[in-house]
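What follows is one structure encoded as structure tokens, with my remarks underneath.
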Amino acid sequence: KRQSSVRAPVTTGARTLDVPITWFPASGPAAALVWLQHGFARSRRRMAPLASSLAAQGLTVLTTGLRTVDPFARTVQNLGDNTGFLDSLADVLATDLPHAWAAAGLPGTPPARLLAAGHSAGADAAAYVVGRLAGRHVDLGGALLLDPVKSVSGSNLADGLRAARRHNLPVR
């Protein structure tokens, strides 16, 4: 499988963080785009086997590398208040995917349908982002939460699940 790594700028307040993205293009026309987020103290490289498997099944996958610790709460786990950062990440997923797609040198345009998946604390982040995307002009297919772990502070997981339920989005 061809992988391509790029960075997407995600801004929280006056600070911008370039979030590393690795793409796993579908083996043919992609049925959907899956955002796959690693968990606490992990990396997007750990998600590569799952991402490759999903790509072989006709899904284009993007994995993001989010920090474990950051004094400005730009992290995968809600160690402080990472909601501003995750809100900004949701904005990138909702509006800036064509730019990241083109920057990665992928042909055409991203698939319209977006699914979110995350492992451990990444599931907490994915649920929250799904909640932020629910009701927006995004063809959102739902969320896959792999061994979800609630962050040590905040209510990101619960908030995301409530929003998904309100918008009848499937969560597995």
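The values are calculated or read from the model by the stated rules, or taken from the named source; none is laboratory data. These figures come from a predicted structure and were not determined experimentally. Positions of Cβ are backbone-derived with ideal geometry, glycine not excepted, and every protein chain shown enters the neighbour counts. Quick note on the areas: whole protein, heavy atoms, side chains included, nothing else; ligands and nucleic acids left out. Shrake-Rupley method; radii C 1.70, N 1.55, O 1.52, S 1.80 Å.
Return one whole number: the accessible area per residue of the stretch 33-172 in Å², for a 1.4 Å probe.
Details: 6150 Å² over 140 residues.
Ligands and nucleic acids excluded, the result is 44 Å² per residue.
Could you work out how much longer the chain between residue 27 and residue 113 gets when fully extended? Use 0.36 nm per residue separation minus the Cα distance between them, nm to one decimal. Write out the running numbers ahead of the final one.
Details: separation 86, 0.36 × 86 = 30.96 nm, distance 1.67 nm.
Full extension from residue 27 to residue 113 adds 29.3 nm.
Skipping prolines and chain starts, which residues have an amide H placed within reach, meaning under 5 Å, of the one on residue 171, given they are 5 or more residues away or on another chain?
Hits under the 5 Å cutoff: 143.
Does anyone have the angle between helix 83-95 and the longest principal axis of the chain? Alpha-carbon axes, 0 to 90°, nearest 10?
Roughly 20 degrees between the two axes.
I need the phi-derived Karplus couplings for the stretch 45-56: 6.51 cos²θ - 1.76 cosθ + 1.60, θ = phi - 60°, integer Hz, Gly and Pro marked x.
Using θ = phi - 60°, the values come out as 4, 5, 8, 4, x, 5, 4, 5, 5, 5, 5, 5 Hz.
Give the carbon-plus-sulfur fraction of the accessible surface of the chain in %, rounded to a whole number; probe 1.4 Å, heavy atoms of protein chains only. Working shown, then result.
On the way: 4150 of 7860 Å².
Carbon-and-sulfur percentage of accessible area, whole number: 53.
For residue 104, enumerate residues with amide H under 5 Å from its amide H, sequence gap 5+ or separate chain, H modeled in the peptide plane.
Placed amide hydrogens put nothing under 5 Å from residue 104.
Here are labelled values, (1) 0.93; (2) 1.19; (3) 1.03, and one is the computed Rg/Rh (Cα atoms, Kirkwood Rh) for what I pasted. Which one?
Here the calculated entry is (1).
Apply the Karplus curve 6.51 cos²θ - 1.76 cosθ + 1.60, θ = phi - 60°, to the phi angles in the stretch 18-33 and return the couplings in whole Hz, x for Gly and Pro.
Computed from phi, the couplings for the stretch 18-33 are 7, 8, x, 10, 10, 9, 10, x, 4, 5, x, x, 7, 6, 6, 10 Hz.
Relative contact order of the chain: what whole-number percent is it, with Cα pairs under 8 angstrom and at least 6 residues apart? Each step should come with its number before you reach the end.
On the way: 391 pairs, mean separation 36.5, N = 172.
Over the chain, the number comes to 21 percent.
So if we plug the beta-carbon distance of residue 72 and residue 102 into 1/(1 + (r/R0)^6) with R0 = 35 Å, what FRET efficiency do we get, rounded to 0.05? It would help to have the intermediate numbers written out before the result.
On the way: r = 28 Å, r/R0 = 0.81.
Step by step, r from the Cβ atoms, then E = 0.80.
Looking at the stretch 15-146 only, what percent of DSSP beta bridges run antiparallel? Nearest 5 please. Don't skip to the answer; put the middle values down first.
Values: 4 of 23 bridges.
Looking only at bridges with both residues in the stretch 15-146, the antiparallel portion is about 15 percent.
List the residues, sorted by chain then number, that are 5 or more residues from residue 12 or on another chain and whose placed amide H is less than 5 Å from its amide H.
17
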